[in-house]
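The values are calculated or read from the model by the stated rules, or taken from the named source; none is laboratory data. What you see is a predicted model, and the numbers here were worked out from it, not measured in a lab. Side chains are part of the model used for accessible areas, which takes the heavy atoms of the whole protein and leaves out ligands, DNA and RNA. Shrake-Rupley method; radii C 1.70, N 1.55, O 1.52, S 1.80 Å.
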Amino acid sequence: MQNPFLLGVNYWPRRKAMYWWTNFDAAEVSDEFAIIRDLGLSIVRFFLLWDDFQPEPDKVSPEALKHLQTVCDLAEQHHLQLDVTFFTGHMSGPNWCPRWLLDPAGVQHWPQLVSAGKVVQSNYRNPYVDPVALDAERLLLRTVVGALKDHPAIWMWNLGNEPDLFAHPPTEAIGQAWVREMTQLIKEIDPNHLVTCGLHFASLTSHNGLRIDQVFSETDIAVMHSYPMYIPWSKNPLDPDFVPFTCALTAALSGKPILMEEFGGCTNTPGKPSEVWEWSLLGQPRKQFMASEEDFAVFIDATLPRLVDVGSLGAFIWCFADYPSELWDRPPCSEFHHERFFGLVRPDGSLKPHAEVIRKFAATKPTVKAVPPLQLDITPDEFYADPAGHAERLYKMYIASKAR
């Protein structure tokens, strides 16, 4: 029997965005889960904003844990499964830091930092090696996994969202050891659910302490987050071959089943053509391709079957909703203007064209294909001698092979 190709969405509530855990509205979540299920999606990936769940390092917020239980119950009611992401961490431009991790003597890795719901000017300690942070991480995993391991809505545990953007492990060995310890801790409590770590394209093109082959040697499956609009050597900002290629390359390097856990793009306002926006982001010039809604729907329509063809376990779109103007004066929308417009639904809650594309694709009931892995002409160690160069070279080979 063939396994279904999993279709999912990365989720923040439309009216709350990253502020939902401190302003929780179960009715809103239920309404939005109903929309997600109506589109034919079966998995919701969501994020435990670290500061909200651990305002103190030695205590998990009972209120946040209660809200999390409610989310799981609502998912079960709507016949949805959950990809639960810990230690968030980096999200949609800013970094969101637990207040107890702030330290003027630490190292900050991103231009905008939010803590306790406010933009702060500070550095912070490295969560891969700081003893207080490591103990806090263990406590959060024990508490959440212990409470929910038997909940029928749980599908997978996830150790982070592009965690290198929050901090780099000091060495690759430390990065791998961290993933190994946290995965094993989860497995000791819950041996029945998958565990992964939400790496993105930077782990294919840079030395960020989190190598694809090393990290996913410690987890059950590999995942990838991929956006052609950010990569200069993709064929164009809506290149339908780029996302499947990064899936295939991740699978080849890791030797593990692969899930496209995050892909998508930002769209222009309704009725406007694809164009490049320009603005000042934190005092620096910023240019961003914004697809027309129609062009973006074509991109999604072309990308989904290609993901099936490379053997992906599934595809999770980024993300559920655009954010209404009431959120535009708060991070991430205040500076990262394009983050306002990544949704399946518009700020008023209406569906964009690509939501209907996904609905129609889901109705075909696609299944996972058993396909030969992408053949690499180098070892993982040789790849990481020049990851950016090899990734671009291998993409050109991939495109050439498809043309034959």
| message | Residue by residue through segment 110-121, what is 3J(HN,Hα) from phi via Karplus (6.51 cos²θ - 1.76 cosθ + 1.60, θ = phi - 60°)? Round to whole Hz and write x for glycine and proline. | response | 8, x, 10, 10, 10, 9, 6, x, 10, 5, 10, 10
| task | Could you please put Tyr11, Tyr227 in sequence from largest to smallest accessible area, using a 1.4 Å probe? | result | Tyr227, Tyr11
| Hey, in the GNM for the chain with a 10 angstrom Cα cutoff, which one of Lys352, Lys16, Lys66 fluctuates hardest? | Lys66
| field | DSSP bridge orientation in the chain - percent antiparallel, rounded to nearest 5 | value | 30 percent
| said: For a quick size check, give me the Cα extents of segment 1-115 along its three principal axes, largest first, whole Å. | reply: 54, 29, 28
| Across segment 259-268, in residue order, what do the Karplus-derived ³J(HN,Hα) couplings come to in whole Hz, using 6.51 cos²θ - 1.76 cosθ + 1.60 with θ = phi - 60° and x for Gly and Pro? | 10, 7, 7, 7, 7, x, x, 9, 10, 6
| Under a 5 Å amide H to amide H cut-off, with H placed in plane at 1.01 Å, what residues pair with Gly314 once short-range neighbours are removed? | Leu6, Met260
| message | List the residues, sorted by chain then number, that are 5 or more residues from His90 or on another chain and whose placed amide H is less than 5 Å from its amide H. | response | Trp96, Asn161, Phe166
| Relative contact order (%) - the chain, alpha-carbon pairs under 8 angstrom, separation at least six | 17 percent
| Whole-Hz ³J(HN,Hα) from phi, Karplus 6.51 cos²θ - 1.76 cosθ + 1.60, for segment 86-103, glycine and proline x | 8, 6, 9, x, 7, 7, 6, x, x, 9, 10, 9, x, 4, 6, 8, 4, 7
| Three-way shape label, segment 265-404, alpha-carbon gyration tensor, a/c 1.5 | oblate
| task | Using the structure shown, list the pairs from Lys16/Lys66; Lys149/Lys360; Lys235/Lys365 with a Cα-Cα distance above 27 Å, or answer none. | result | Lys149/Lys360; Lys235/Lys365
| said: Just to be sure I understand: with springs between alpha-carbon atoms less than 10 Å apart, which residue in Pro62, Pro163, Pro152 has the highest mean-square fluctuation in the Gaussian network model of the chain? | reply: Pro62
| task | Specify the residue with the greatest mean-square fluctuation among Asp381, Asp73, Asp190, computed from a Gaussian network of the chain linking alpha-carbon atoms under 10 Å apart. | result | Asp381
| request: Rank these by accessible area, largest first, 1.4 Å probe: Thr85, Thr171. | output: Thr171, Thr85
| Percent of accessible area on the chain owned by carbon and sulfur, 1.4 Å probe? | 54 percent
| task | Could you check what % of the DSSP bridge pairs in segment 1-141 are antiparallel, to the nearest 5? | result | 35 percent
| query | Rounded if a/c is under 1.5, else prolate if a/b is larger than b/c, else oblate: which is the chain, with a ≥ b ≥ c the root eigenvalues of its Cα gyration tensor? | reply | rounded
| In terms of modelled amide H atoms, which long-range or inter-chain residues lie less than 5 Å from the amide H of Gln54? | Ser61
| remark: Regression test value, accessible area per residue of the chain, probe 1.4 Å, units Å², expected 38 Å²
| query | Cross-link partners among lysines for Lys272, C-alpha distance below 22 Å, same-chain residues fewer than 8 apart left out? | reply | Lys287, Lys352
| said: Keeping all protein chains in the complex and leaving out DNA, RNA and ligands, what accessible area do you get for Lys59 with a 1.4 Å probe, in Å² to the nearest 10? | reply: 110 Å²
| query | If Lys118, Lys187 are ordered by their accessible area, calculated over protein heavy atoms with a 1.4 Å probe, which sequence runs from highest to lowest? | reply | Lys118, Lys187
